[in-house]
Amino acid sequence: MRYGIIILINIVFIFAQGVVHAEDISFTASVNSTTISKSDQLVYTLAIEGARGANPILPAISNFELLGTSVSTQFSLVNSNTRIIKNLAYTLMPIKAGIFTIPMASLEYRGKTYLTKPITVTVVDGTAPQIAPATDNSPVHQAAPKINNLPEPQSPKQLFITTTVDKKVAYVDEQITLNFNLFFRVDRLNIQNISLKSIGFTEQDLGNEKTYTQIVDGVRYNVSERSKAIFPISSGELTIRPGELRGDILVRRGGFFGYDERKPFSLRSDPIKLTIKPLPRKGRPEEFKRAVGDYRFDLTANPLAVKVGEPITVTMTISGTGNLDTVSMPEIKCGKTFKTYPPEVGVTRGVRRGRVNGEKVFKQVIIPLSVEAKEIPAVSFSFFNPATGKYRTLKKKPIPIRVEAAPDQGPVALVEGAGSGPGRERIKLLEKDILYIKDSPGHLTRAGRFYYRRPLYWIIPIAALFGLFAVWGIQSRREKLRSDLVYARQVGASRSARKRFKKARTFLNAGDSERFYGEVHRAFNRYLGDKLGIPSGAVGSTIVADKLSSAGAAAEIIKEVETCFSEFDLARFARSSSDKDEMNDFLVRVERLISKLEKIKVK
Amino acid sequence: MQIRILTLTLLISLSGIFTVHAEIPEAEIPSLFRQTNSLYAQGKYAEAVEGYNAILQAGWESGPLYYNLANTYFKLNNLGRAILNYRKAWNLSPGDPEISKNLEYAREGLRDDIAALPLSVWARARRAVILQFPLGIWIGISAALYFLTIAWLIAALLIRPLRKKSPLILKWLGGCLAISVVISIMAYSFYRTPGAIILQPTVSVRYGPAETDAAAFKLHEGTEVKVVRKKDGWLQIALPDGESGWLTADSLGII
């Protein structure tokens, strides 16, 4: 859901960006260098943005020979803003030395003609000095770029940031527009963090980021511009801290099926010092509180005819350009003829032509206390206009009202019969106060001892999880015993043998050697049959030895098993009787052998 | 005369509790609470503050207790402590309309008008969901769903006929469990950054944690801030409009 919303917002944002810049057409010319030697080539580039399908008209360029033309399209993607620029590069070779001017190129698009500026190029004999390239745009460069950790082969001019202000001297609470521009020549960027702190100021964003291209020192840059309005809180010398930007340059590696390599960078602009003047004391009106800007003031009241004790809502609307946070409610000097209540304040903010504007509406309820109240008194609102450097006071005339005596209605009956008969009136809020205390302390808990911070809270769920795994394990084993007969026989082999040995021991105690050896033999045979997965009738010395050998049993154990088989035969068929000690030794040996066999894992 | 004697006895018994800070059994809290309420009703707000604080100092807390204490501070014109205790009450009982109304009314007396940065639709929705219950309830719901899921899994393992219905029920249980765990984590992170209320009439917020650091702006009693960092008895606070600065810890009451 969350990702869905993010994707939807991004789609809307991308679409909105497209709409916003659909009419932005840029047509500029630039050269790779304004000074070249006679043997150098000059690259004259016409860049077209926003005029798809339009072809420029190249001016007649004298004193140069056209060697070739190339067309390239540049895509850039910065934070979901896609820009497409078509570049037509003309390679020119100078014919002779001198100072030449490349005339304006023109572009016709939808009935409009766009022109570039002429560019002057100096062609010298011998080697040309290293001079920055020139363009048809004047450069804007407010802060020296400083690039840290920018990986090779990115040169410092690939990427830099500037912070600029529209004014460096301003009054307290006057709007200063702070622009934060990122100039870049790389195709794709991933901006992680922009830090532009202006402590000592309140601030408000001036809309979404703008993107455009600009040529600085002859180099075409994509520019991403963010603006905010800042309002100094106090006077004096204030400093806007350096703007910082961190992110990654994304470099495509390995073609279509490749990956994006991230090259981190960190940029920083210079701090800006501002001089903030205090508001002048001269000419400061008495009503002035703190409002700075250029405002209009409107005063209305409703209703204008009431009975004593009935409320009148006085609405004071202050609208215009400036920091609305500095606008306080103008005072209504009601005296003792009215009771006043705390106002309700509504603020609407906006931005118009880069200036913060809006409307602040104060709604104050006043109640006439006697019929002597004939009018709502005059109200004045004063503000300081930083554009003119003067205070201005807007005065509104008193609003006449008609107040009649309230009929003596006695105590208010809260519960009355159904219907709306004559003499009924709505319950009026006479005064505002906090609601009464509660009678019961409610659900008491030990302060700071949240049950989820106790170890037991976490131990019990973990134990429950272990319990689940235990039940799962037991059930899985049961299922396997039910469904896998071989496994079931293997698991039950030892238990079954022990039972039979117990029985054999009773024969041993009774001195019945024949039944003793018969029981031990059955137990041994059955055990080996179950353990090795041999049908009970097929158990014999050879097959058991083979199975044990393939299960990786030691040779001594196999030999011992074979000896046991021989002894069984001897005891059952050759021996007429045995003493108890002999039988007991034999039983102990067989039990030990089975214990050893238990350790062998049969697949 | 009888009332006077009764009040005097009550005060003496209360003062004994206040000075010794004895452990008060839970069973006695309602009685002490009611006695303190009667002090409030008589307009003895200073004594009522001591009564409510005695219960708090004994280690017990509840939404109504903080609410009554906040009302008492409000009556004593101590706006900062009133708002602080309304906020504590609201944290324990976010759905209580009386707490919300009194908090709103108390905030009408604030001197600082701070325009909060606008919240995104997602942030507003998230906040609305989180505030449906206190943090403890959200964690409790998650725990209950967790045990229910485990119990169902065990039952399905042991009782064969339940296994046929198991996938559908597990989908529901698992879905609800995942949602409640996510909300609990969001609620935990929401309540984790401690809020604080300015308790002094006017305080200077400085650029750094020292008296020598320049004052950036001033704040007034009752304004709510978020505490971002602590250092040597100073707290770095952040305002809803994005501003931040440093204050001494004694200027604030942590919610």
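Taking the stated definitions as given, is A:Arg495 loosely packed, with under 13 Cβ neighbours inside 10 Å and either closer than 20 Å to A:Ile600 by Cβ or of a type in the set (Asp, Glu) (or both)? Give the steps one after another, and end with the answer.
Details: loosely packed, with under 13 Cβ neighbours inside 10 Å: yes; either closer than 20 Å to A:Ile600 by Cβ or of a type in the set (Asp, Glu) (or both): yes.
When the stated conditions are applied, A:Arg495 passes them.
Run down B:Tyr146, B:Tyr86, B:Tyr66, B:Tyr105 and say which single residue is at the interface with chain A (Cβ under 7 Å from one of its Cβ atoms) and either among the aliphatic types (A, V, I, L, M) or under 18 Å from the mean Cα position of the chain (by Cα) (or both). Write out each step before concluding.
Values: B:Tyr146 fails: either among the aliphatic types (A, V, I, L, M) or under 18 Å from the mean Cα position of the chain (by Cα) (or both); B:Tyr86 fails: at the interface with chain A (Cβ under 7 Å from one of its Cβ atoms); B:Tyr66 fails: at the interface with chain A (Cβ under 7 Å from one of its Cβ atoms).
Sole residue among the options that is at the interface with chain A (Cβ under 7 Å from one of its Cβ atoms) and either among the aliphatic types (A, V, I, L, M) or under 18 Å from the mean Cα position of the chain (by Cα) (or both): B:Tyr105.
B:Arg111: outside any helix (DSSP H, G or I), surrounded by fewer than 17 Cβ atoms within 10 Å (Cβ to Cβ) and basic (Lys, Arg), yes or no? Against the criterion (outside any helix (DSSP H, G or I), surrounded by fewer than 17 Cβ atoms within 10 Å (Cβ to Cβ) and basic (Lys, Arg)), B:Arg111 qualifies. Please enumerate the residues belonging to region B:88-102 that are surrounded by fewer than 21 Cβ atoms within 10 Å (Cβ to Cβ) and not in a loop (DSSP other than H, G, I, E, B). Listed by number, the residues that qualify are B:Asn91, B:Pro97, B:Glu98, B:Ser100, B:Lys101. Just to be sure, is B:Val205 touching a strand residue (DSSP E or B) at 6+ places or on another chain (Cβ under 8 Å), closer than 13 Å to B:Gly80 by Cα and in a strand (DSSP E or B)? No, not satisfied. Of the set (1) within 14 Å of chain A (Cβ to nearest Cβ); (2) in a helix (DSSP H, G or I); (3) without any contact (Cβ under 8 Å) to a residue 24 or more places away in the chain, all apply to B:Met186 but (3).
Of all residues in region A:329-359, which are charged (D, E, K, R), within 23 Å of A:Leu304 (Cα to Cα) and not in a loop (DSSP other than H, G, I, E, B)? Reasoning before the result, please.
Within region A:329-359, the first condition is being charged (D, E, K, R), and the residues that meet it are A:331, A:333, A:336, A:339, A:344, A:349, A:352-353, A:355, A:359.
In the following step, the residues that additionally are within 23 Å of A:Leu304 (Cα to Cα) were identified as A:331, A:333, A:336, A:339, A:344.
Of everything in region A:329-359, those that are charged (D, E, K, R), within 23 Å of A:Leu304 (Cα to Cα) and not in a loop (DSSP other than H, G, I, E, B) turn out to be A:Lys339, A:Glu344.
Restricting attention to region A:321-371, the residues that are buried (at least 20 other Cβ atoms within 10 Å of the Cβ) and among the basic types (Lys, Arg) add up to 1. Screening region A:364-401 for residues that are part of a loop (DSSP other than H, G, I, E, B) and β-branched (Val, Ile, Thr) and picking the one that is modelled with the lowest pLDDT gives A:Val371.
The values are calculated or read from the model by the stated rules, or taken from the named source; none is laboratory data. Values in this document were obtained by computation on a predicted structure and should not be read as measured data. Neighbour counts run over all protein chains shown; Cβ positions are idealised from the backbone, glycine included.
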